[in-house]
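Undergrad: Please find one structure pasted underneath; my questions will follow.
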Amino acid sequence: MSTHTIQLPPEVQDYLLRTTVRESAALAQVRKATAGLPGARMQTSPEQAQLLGLLVELLGVHRALEIGVYTGYSAVAVAEALPADGRLVACELDQEYARVAGDHLAHAGLSERVDLRVGPALDTLAALPSESGFVAFDLAYIDADKTNYDAYYERCLELVRPGGLIALDNMLWGGSVAEPSDQQDSTQAIRALNQKVGADERVTVSLVPIGDGLLLARRRK
Ligand code: SAH
Ligand code: CA
């Protein structure tokens, strides 16, 4: 979840797309290639990917981190917005998804900017600081398995520089966060994390109701 902004009437969603969403040819191609796949609903929406691109510009991001790549839509959006010498470290568990995303990034001419890491993201993140030439990230986009979100968030607070931004996707989880009868593990994990980040003095926050809910947490200096 979700290829579009939840709770937005379809005609308003269409209007938004028609007027101000600028989707590159490369992104349109990823979206079309993904549309027929199982899991296509997981793809980041165009309007949200555009917001991520704007945040990359605003923060002057050189080093970005993504957790959960799928077929690469958000990775392409972030990589496109980076300067030519910028880098995105993109973590994906599934070998086949990573291969598809790698193809899309290559087709978009962005392979040089993106370092795709296949495997459980927590392992990848744990290994990063000890790599030679490691530099803290300016932006992290968390969009993988929800029960690990708290662990990703804590890791990102160490890997993102003071003043840098952590963006967590699906934090409204289709509205189920506000549905007390929903006691699924993922729903409970997201609820607990909203509660925690909302009160976390280490960050400045805003939960933006775009897509499936994008929680922005800026690491305080
Ligand atoms: N950002 C993507 C959507 C990601 S969907 C886009 O815009 O299209 C969530 C992804 O997280 C899936 O591809 C899934 O394979 C991956 N994932 C799940 N558990 C993971 C883990 N432990 N480590 C890394 N990736 C994981
Ligand atoms: Ca998502």
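Undergrad: Scan the range 45-57 for residues that are among the polar types (S, T, N, Q) and either under 10 Å from ALA77 (Cα atoms) or at pLDDT below 95 (or both) and jot them down.
TA: GLN48, GLN50
Undergrad: Here's a follow-up. Hey, can you tell me all the residues within the range 1-55 that are within 16 Å of ligand 2 (Cβ to nearest atom), touching a His at 6+ places or on another chain (Cβ under 8 Å) and among the hydrophobic types (A, V, I, L, M, F, W, C)?
TA: VAL30
Undergrad: Residues that are at pLDDT 95 or above and out of contact with any strand residue (DSSP E or B) (no Cβ under 7 Å at 6 or more places or on another chain): does the range 135-144 have at least one?
TA: no
Undergrad: May I pose another question? Might you let me know whether the range 88-96 holds any residue that is among the polar types (S, T, N, Q) and within 16 Å of ligand 2 (Cβ to nearest atom)?
TA: No.
Undergrad: Identify, please: which residue in the range 166-207 is open to solvent by less than 40 Å² (accessible area, probe 1.4 Å) and within 14 Å of LEU55 (Cβ to Cβ) and is, among those, farthest from ligand 2 (Cβ to nearest atom)?
TA: ILE166
Undergrad: Would you mind listing the strands (runs of 3 or more DSSP E) fully within the range 125-221 where at least 3 residues are out of contact with any Pro (no Cβ under 7 Å at 6 or more places or on another chain) and under 21 Å from CYS91 (Cβ atoms)?
TA: In the range 125-221, the matching strands (runs of 3 or more DSSP E) lie at 137-142, 160-168, 214-219.
Undergrad: Take the conditions within 14 Å of ligand 1 (Cβ to nearest atom) and within 26 Å of PRO129 (Cβ to Cβ) and apply them to ALA49. Does it pass?
TA: No: the conditions fail for ALA49.
Undergrad: Still on this structure, please answer the following. What tally of residues in the range 95-139 results from selecting those that are touching a residue at least 12 places away in the same chain (Cβ under 8 Å) and among the charged types (D, E, K, R)?
TA: Here the count works out to 4.
Undergrad: For the range 1-69, give me every one of the helices (runs of 4 or more DSSP H) that falls completely inside it and has 2 or more residues that are open to solvent by less than 20 Å² (accessible area, probe 1.4 Å).
TA: Result: 25-35, 46-59.
Undergrad: Give me the pairs: first residue in the range 201-220 and in contact (Cβ under 8 Å) with a residue 60 or more places away in the chain, second residue among the acidic types (Asp, Glu), beta-carbon distance under 8 Å, and six or more apart or on different chains, which are they?
TA: Note: pairs meeting the criteria are ILE210/GLU47; GLY211/GLU47; GLY211/ASP169; ASP212/ASP169; GLY213/ASP169; LEU214/ASP169; ALA217/ASP200.
Undergrad: Condition first: part of a loop (DSSP other than H, G, I, E, B) and open to solvent by 20 Å² or more (accessible area, probe 1.4 Å). Now tell me which residues in the range 97-122 satisfy that.
TA: ALA108, GLY109, PRO120
The values are calculated or read from the model by the stated rules, or taken from the named source; none is laboratory data. Everything numeric here is computed off the predicted structure, so don't read it as measured data. For neighbour counting, all protein chains shown are included, and Cβ atoms are generated from backbone atoms with ideal geometry for every residue, glycine included. Side chains are part of the model used for accessible areas, which takes the heavy atoms of the whole protein and leaves out ligands, DNA and RNA. Shrake-Rupley method; radii C 1.70, N 1.55, O 1.52, S 1.80 Å.
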